[in-house]
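Just below is one structure, and these are the notes that go with it.
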Amino acid sequence: MSYLNFDKTLLVNLERSLSKEMIRTNRAGAYNSTTLVDCNTRKYHGQLVLPLPELGSDNYVLLSSLDETVIQHGAAFNLGLHKYDGNTYMPNGHKYIREFDCEVISKTTYRVGGVILTKERMLVSFEPRVLIRYTMVEAGSPITMRFRPFLAFRSVNELTHANGQANTDMTEVSNGRKNRMYAGFPELYMQFSKKVTYTHEPQWYKDIEYQKEQERGFEYKEDQLVPGYFEVMMKKGESIIFSAGISETKPTTLKTIWEKEMLRRIAREDMFACLKNSAAQFYKRVGNQCYLLAGYPWFKSTARDEFFATPSCTLDIDRPEYWQAIIDETAVPMVQTWMKQGYVDGELSGLDEPDALLWLVRAFQKFAHKYTVNEAADKYGELCKTIVDYYRKSCHPRAVVHNNGLMWVEGRERPATWMNAVEDGRPITPRTGYVVEINALWYNALCFTAEMMRAKGRENMADMLEYQAELMREAFTNTFWNGVYLDDYVVDGYHDKEVRPNMIWAAALPYSPLDRKQQKAVVDICTKELLTPRGLRTLSPKSGSYRPEYIGGQLERDRNFHNGPVWPYTIAAYARAYMNVYKHSGISFMQRLLVGYEQEMSELCIGTLNELYDGNPPYKGHGGMSYAPSVAAVISVIDTMNHFETQQNL
């Protein structure tokens, strides 16, 4: 049995199986996602979802579902599953599922009487095309397979309803048909590797419901167009491939394409293999540029998330070519242009966030750790100096360095940090003034840039930066250290003493403004009040503002967002800080902590990690189904453990 394998007992239990999702991407923005039983529970789910820049910045669902029917001796067995009004599920095709396996690609095994059918799916790399292969494993006689495509042709942020404007016509193409439901959309080509017959009988399937949207308080009912159905005869041992894409393909090449794509796949045989696969799915190539998406299904490329996650999603999984594509070839030119002009052309947003460039310096520091400081200095030393000067000279539009060396940000009217939920346009957690993790990152950036300047022989510049860092270190401890732990932010004489995870960065970064006793105190209070099996809570349960569950309507969830739920991305800093303090004696504890993430590989979105989790047991996952900083953080923890274990064995 493979690492990600689910049997009939779980799959026929909709209460359990509908909570488990899967997502696969083509590394160019397109994805395929649904639940393990092929019942869409989100408006973001679909067999083919892809970006269409000519229509807008959203992703668009073209092919929502493909219902298969096995016809044997005149009896039809529909394998589809949809939720309708009144908690009604039809046509209950999940009862025929015997197994779902996702070791290499997703594979569903059905049994209908004496018929055993498997369904496997994949996306073609860098092409908006989904392939689904059906294999008739067992059949006493030839079987007729019927396929009904459910078309949506809409943004992932909208729902469609029956209307007279939809084009229901289907135009014949090689071994299939094509359709363009609405003007402006591309044509959707649906083709098979074998000749099929097509029957045209357009029909709207009304009031399909999305459970996840209903739980979130959004509109959750949709109508979808089924223009007709395809039929093909299959015999025992035969395989056919279905293709859906926005360009026509040659049916005779589908088998070859399938076999080539299979060679790219890596088996998900353990947690690290799952995380490596998940990390690679965040890559997005757009022409000559390459980005790291913050996650799926609704995220874009954002500077803070990209700079945090890219080192672990590339260097730590032995994909340096993607580090080069994302950072060297795309991000670095954009950052240089943005600092000069104040704007860039491209898909990377959030460069004006006060801490974004500091996270880029931290990414370069991780490059230096993976290779050498001299290599980092040669490649990124001048850019880091330019970034430091950009802050020091108050050129940044949202950050100012004061005479005491600390960085000041304004976060009362617009979020200035990663805790960026808003209500009526204003931050719910208005972290402003001197913010603890931003200043920890600033101190680290000064020290690391000085280290690179010294490596390049620029001693005077290194001395100046180290002198400024030392002044800033003293101001940091005087401002944030309250004798027990670090205040979260300080503004106009007010010290916010809420226990939040942001302080952990001051103890985790390679250059810490804290002494060892202070680092241990920070680690200990985070362990005592914030640590869970999924990461650090965003607020201590001792706080009167603690709201641990990410539930309810949009406003309630926004208010809870950073006031109790766990964000796994914090575990990277916690692990590094813990090991800094406890050294090799902390290895066994961190290994036990990883068990919590091991459990998540078969929960919710299988093989990956969610954006956030409830702050109280059972730590249920929420938000984006696959989140790059969460995945990167756990990869980083594994890398940290490997580093310390290697040192221990020397």
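The values are calculated or read from the model by the stated rules, or taken from the named source; none is laboratory data. The model shown is predicted, which means the values in this text are computed figures rather than measured ones. Neighbour counts are summed over all protein chains in view; Cβ atoms, including those assigned to glycine, are modelled from backbone coordinates with ideal geometry. The area values use the complete protein model at the heavy-atom level, side chains included, leaving out ligands, DNA and RNA. Shrake-Rupley method; radii C 1.70, N 1.55, O 1.52, S 1.80 Å.
Quick notes
- Selection within segment 574-605 - in contact with a strand residue (DSSP E or B) (Cβ under 8 Å, 6 or more places away or on another chain) and crowded, with 23+ Cβ neighbours inside 10 Å: Tyr574, Glu600, Cys605
- Some residue of segment 320-331 being touching a Cys at 6+ places or on another chain (Cβ under 6 Å), within 30 Å of His643 (Cα to Cα) and either surrounded by fewer than 22 Cβ atoms within 10 Å (Cβ to Cβ) or at pLDDT below 95 (or both): yes
- When residues of segment 597-623 are limited to those that are touching a Phe, Trp or Tyr at 6+ places or on another chain (Cβ under 8 Å) and among the small types (Gly, Ala, Ser), the one farthest from Leu275 (Cα to Cα): Gly615
- Among residues of segment 56-76 that are outside any strand (DSSP E or B), those with a Cβ under 9 angstrom from a residue that is aromatic (Phe, Trp, Tyr), sequence gap 6+ or separate chain, pair up as Asp58/Trp298.
- In segment 376-424, the residue that is surrounded by the most Cβ atoms within 10 Å (Cβ to Cβ) out of those that are more than 20 Å from Leu360 (Cβ to Cβ) and without any contact (Cβ under 8 Å) to a residue 12 or more places away in the chain is His402.
- Residue within segment 39-56 that is among the hydroxyl-bearing types (Ser, Thr, Tyr) and open to solvent by less than 10 Å² (accessible area, probe 1.4 Å) present: yes
- Set Glu248, Glu222, Glu231: member being outside any strand (DSSP E or B) and either exposed (fewer than 15 other Cβ atoms within 10 Å of the Cβ) or touching a residue at least 24 places away in the same chain (Cβ under 8 Å) (or both): Glu248
- Residue pairs meeting the criteria (Cβ under 6 Å; at least 6 apart or on separate chains; first in a helix (DSSP H, G or I), in segment 576-597; second of a type outside the set (Asp, Glu) and exposed (fewer than 13 other Cβ atoms within 10 Å of the Cβ)): His584/Gln648
- Segment 439-480: number of residues that are touching a helix residue (DSSP H, G or I) at 6+ places or on another chain (Cβ under 7 Å), closer than 21 Å to Gly411 by Cβ and of a type outside the set (Ser, Thr, Tyr): 9
- Only a single item in (1) touching a Gly at 6+ places or on another chain (Cβ under 9 Å); (2) in a helix (DSSP H, G or I); (3) open to solvent by less than 10 Å² (accessible area, probe 1.4 Å) is not met by Ala279, and it is number (1).
- Taken over segment 13-28, residues that are touching a strand residue (DSSP E or B) at 6+ places or on another chain (Cβ under 7 Å) and part of a loop (DSSP other than H, G, I, E, B) amount to 5.
- Hits in segment 341-382 (condition: at pLDDT 95 or above, over 24 Å from Ala294 (Cα atoms) and either β-branched (Val, Ile, Thr) or in a helix (DSSP H, G or I) (or both)): Thr372, Val373, Asn374, Glu375, Ala376, Ala377, Asp378, Lys379, Gly381, Glu382
- All positions within segment 282-309 that are more than 18 Å from Val124 (Cα to Cα), open to solvent by 10 Å² or more (accessible area, probe 1.4 Å) and over 13 Å from the mean Cα position of the chain (by Cα): Asn288, Gln289, Arg304
- Complete set of residues in segment 77-107 that are of a type in the set (Lys, Arg), over 21 Å from Ala152 (Cα atoms), in contact with a Phe, Trp or Tyr (Cβ under 8 Å, 6 or more places away or on another chain) and in contact (Cβ under 8 Å) with a residue 24 or more places away in the chain: Arg98
- Selection within segment 1-37: residues that are of a type in the set (D, E, K, R) and either within 20 Å of the chain's Cα centre (by Cα) or open to solvent by less than 20 Å² (accessible area, probe 1.4 Å) (or both). The member of this set that is farthest from Leu292 (Cα to Cα) is Lys20.
- Within segment 83-116, tally of residues that are under 32 Å from the mean Cα position of the chain (by Cα) and open to solvent by less than 10 Å² (accessible area, probe 1.4 Å): 7
- Residues within segment 431-458 that are part of a helix (DSSP H, G or I) and open to solvent by less than 10 Å² (accessible area, probe 1.4 Å), tallied: 15
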